[in-house]
Ligand SMILES: [Zn+2]
């Protein structure tokens, strides 16, 4: 259901524009996946996969509407469980010396379940969310402090967060390099970031090709492991924990293999979703 909705989320009437590589600025690419509504190309310079052409800014923002909010509501518990799992896997609570009194930002906080959990553990939490309906829900339900818009427009103070979390967010960002610079600016020295995003350089994307679950119009950039690590380290963060999970989607004909392939993917770090904990040195 989720994939079906997300896959069809490209809207009629959107004005597209040709762009340069969002990571390295090159204009050389080869077309890798072409659908009726959208196209992904691979940069000939840095090798990253990105949507090109893609909708102009205002059309991208318009996608995060009531329908998107319904999708967030339907999936909020699953997303929360996965996020808690990454928190436990990388031991972030211990690294921070507990959450109490720590300043934590969740960029793309959706309905606010994770922030509410951290608030209940004593953290001072802030959220950024582009979808107005999600913000309204998070505020009404959990009384969270939120900014409804983009991270850049929120204008947080420099060196102000112990932890910045962004899960399934960076692949939706038009300018990931500028975004990461802003993340770096607002993270405290010695603070941490937690990043979760699809991983493109695995057998799963090659196996499913156009049907790969992350190849959807909402995703603007799809990172291989090396692209994500290069970006994070170029900005000035030091990766200290990496893992991946996920393989066959639940609605696939191959789903009878899913139990085994999911275990394989997690154990050998071959999953199609990647997670990195990094530190601002
Ligand atoms: Zn490039």
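Coordinate-derived values only; no laboratory data. All values derive from a computational prediction rather than experimental measurement. A quick note on method: Cβ atoms are made from the backbone with ideal geometry, for glycine too, and the neighbour counts reach across all protein chains shown.
What to note about this one:
- Nearest-ten-degree value, helix 132-142 long axis tilted from longest Cα axis of the chain: 30 degrees
- Full extension of the chain between residue 56 and residue 153 gives 33.1 nm of extra length, using 0.36 nm per residue less the Cα-Cα distance.
- Backbone N atoms of the range 159-182 closer than 14 Å to the 7 Å Cα→Cβ label point of residue 240 belong to residues 162-164.
- log₁₀ of I(q)/I(0) at q = 0.11 Å⁻¹ - the range 46-193, Debye sum with one point per alpha carbon: -0.42
- If you take the alpha carbon atoms of the range 76-280 and fit the smallest convex hull around them, that volume is 118 Å³ per residue.
- Kirkwood Rh in Å, taken over all unlike Cα pairs in the range 84-151: 12.1 Å
- Proportion of all alpha-carbon pairs of the range 176-278 beyond 24 Å (%): 29 percent
- Estimated inter-spin distance, residue 233 and residue 255, nm [label 7 Å along Cα→Cβ]: 4.0 nm
- Counting DSSP beta bridges with both ends in the range 76-280, the antiparallel % (nearest 5): 45 percent
- Compared with the direct C-alpha span, the chain from residue 28 to residue 75 gains 13.2 nm at full extension, assuming 0.36 nm per residue.
- Approximating the spin labels as points 7 Å out from Cα along Cα→Cβ, the residue 85-to-residue 100 distance works out to 3.0 nm.
- Angle between the chain longest axis and helix 225-235 axis [Cα atoms, degrees, rounded to 10]: 50 degrees
- If you run the Gaussian network model on the chain, springs between alpha carbon atoms under 10 Å, then out of 268, 179, 69 the most flexible one is 268.
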